[in-house]
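The values are calculated or read from the model by the stated rules, or taken from the named source; none is laboratory data. Since this is a predicted model, take the numbers as computed values, not measurements. Note: ideal-geometry Cβ built from the backbone for every residue, glycine included; neighbour counts use all protein chains shown.
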Amino acid sequence: MIASFFLQPVAMILLTGALVAAAGALVGTFLVLQRNSMLSDAISHSIVFGIVVVWLLTHAQSGPVQILGAALTGVLTVFLTELVAGTRRVKRDAAIGLVFPALFAAGVLLLNLYARDVHIDTHTVLLGEIGFVWLDTMMLGSLELPQAVVWMSVVTLANLIYVLMFYKELKLATFDPQLAAALGFAPTALFYVLLALTSTTAVAAFDAVGAVLFIAFVIVPPATAYLLTDRLSLMLVYSVLIGVASSLSGYPVAVMFDVSVGGTMAAMTGVFFLLAFLLGPRHGLLGREWQRRRGE
């Protein structure tokens, strides 16, 4: 029964989408609260450089080596951003805009010069194709599993363990980094680990939903949850549920209109955000109007 489940294309597409959404929401919640959500955009583009460099050194197109290389590239992106911003010549957002296009351009250049005939291309990295994840499988014991499901399961579990283990430290570092530093919680180290996990999630997801679509799962569900609650614990839960619901509802809509599955899943995150923006009980436009009228 278990083996037959992993051989069903639709089940694997939905499972992959749900795992990407959950993994992205776990790290994205803290990025949104720290006002660093656009770093996910920078990281998702700059990992192209890490992927190509790892392939040039090891000829590995997937697996833990690629994930590690991309994670280090994400950390490098943030380090270079902080380095440029530290000169006080440009603001931090401008520094992001300088660093990640440079790394992305270097990755594309190396890709076209040295890896043109290899199954690594900018279309795959940026857009992916979740509809085909069930075709690329690997043996895990006696089970034949899609590689995307295996690696996304590992990454999602790693993100969850990190959030649960350092929940109090992350909470304090997010809302009061000065106090966190004074208490010895090392907010900078926590931040870099969070970004390393974001990079790892991005490269694990690029075969499925692509780096660009991955951004939607990192940013939009947490932003939606932010409109629904002021509690961090609930925001994490709501973010994951909204991301998973977007994935599960996006597939039938994509099939109905014969459009991109991954793109439709990402679009559904926007639908949920719009609903929260309009109908949210505390911050929604219509919700606030209703409360105002009740108070009159």
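Inside the stretch 145-178, residues that are of a type outside the set (Gly, Ala, Ser), surrounded by 14 or more Cβ atoms within 10 Å (Cβ to Cβ) and in a helix (DSSP H, G or I) make up a count of 18.
Do you know which residues across the stretch 19-52 are closer than 19 Å to Phe79 by Cβ, part of a helix (DSSP H, G or I) and of a type outside the set (A, V, I, L, M)? Once the filter is applied, which keeps residues that are closer than 19 Å to Phe79 by Cβ, part of a helix (DSSP H, G or I) and of a type outside the set (A, V, I, L, M), the stretch 19-52 yields Phe30, Ser40, Asp41, Ser44, His45, Ser46, Phe49, Gly50. Would you call Ala211 part of a helix (DSSP H, G or I), surrounded by fewer than 24 Cβ atoms within 10 Å (Cβ to Cβ) and touching a residue at least 12 places away in the same chain (Cβ under 8 Å)? Against the criterion (part of a helix (DSSP H, G or I), surrounded by fewer than 24 Cβ atoms within 10 Å (Cβ to Cβ) and touching a residue at least 12 places away in the same chain (Cβ under 8 Å)), Ala211 does not qualify. When you look at Ala182, is it surrounded by 24 or more Cβ atoms within 10 Å (Cβ to Cβ) and either over 10 Å from the mean Cα position of the chain (by Cα) or more than 15 Å from Gln34 (Cβ to Cβ) (or both), yes or no? Against the criterion (surrounded by 24 or more Cβ atoms within 10 Å (Cβ to Cβ) and either over 10 Å from the mean Cα position of the chain (by Cα) or more than 15 Å from Gln34 (Cβ to Cβ) (or both)), Ala182 does not qualify. Identify the residue in the stretch 212-258 that is over 17 Å from the mean Cα position of the chain (by Cα) and polar (S, T, N, Q) and, among all such residues, is modelled with the lowest pLDDT. It comes out as Thr229.
Scan the stretch 85-93 and tell me whether some residue there is charged (D, E, K, R), outside any loop (DSSP other than H, G, I, E, B) and at pLDDT below 85. Checked the stretch 85-93: at least one residue is charged (D, E, K, R), outside any loop (DSSP other than H, G, I, E, B) and at pLDDT below 85.
Residues checked against (1) at pLDDT 90 or above; (2) part of a loop (DSSP other than H, G, I, E, B):
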| residue | (1), (2) |
| --- | --- |
| Ile13 | yes, no |
| Gly17 | yes, no |
| Val54 | no, no |
| Ser62 | no, yes |
| Gly74 | no, no |
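Within the stretch 258-280, residues that are within 26 Å of Trp134 (Cβ to Cβ) sit with their Cβ atoms under 9 Å from residues that are buried (at least 18 other Cβ atoms within 10 Å of the Cβ) and of a type in the set (Phe, Trp, Tyr), at 6+ positions apart or across chains, in these pairs: Val261/Tyr251; Thr264/Tyr251; Met265/Phe217; Met265/Tyr251; Ala266/Phe214; Ala266/Phe217; Thr269/Phe217.
Against the test of being farther than 30 Å from Val133 by Cα and part of a helix (DSSP H, G or I), the options Ala181, Ala225 yield a single qualifying residue, Ala181.
Yes or no, residue by residue, for (1) surrounded by fewer than 23 Cβ atoms within 10 Å (Cβ to Cβ); (2) in contact with a helix residue (DSSP H, G or I) (Cβ under 8 Å, 6 or more places away or on another chain):
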site	(1), (2)
Ser4	yes, no
Ala18	yes, yes
Ala21	no, yes
Val27	no, yes
Phe30	no, yes
Arg35	yes, no
Ser40	no, yes
Ser46	no, yes
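Here Tyr192 meets the list (1) in contact (Cβ under 8 Å) with a residue 40 or more places away in the chain; (2) more than 17 Å from Ser40 (Cα to Cα) almost entirely, failing just condition (2). What are the residues in the stretch 214-262 that are more than 24 Å from Glu169 (Cα to Cα), crowded, with 24+ Cβ neighbours inside 10 Å and hydroxyl-bearing (Ser, Thr, Tyr), if any? The answer is Ser246, Ser247.
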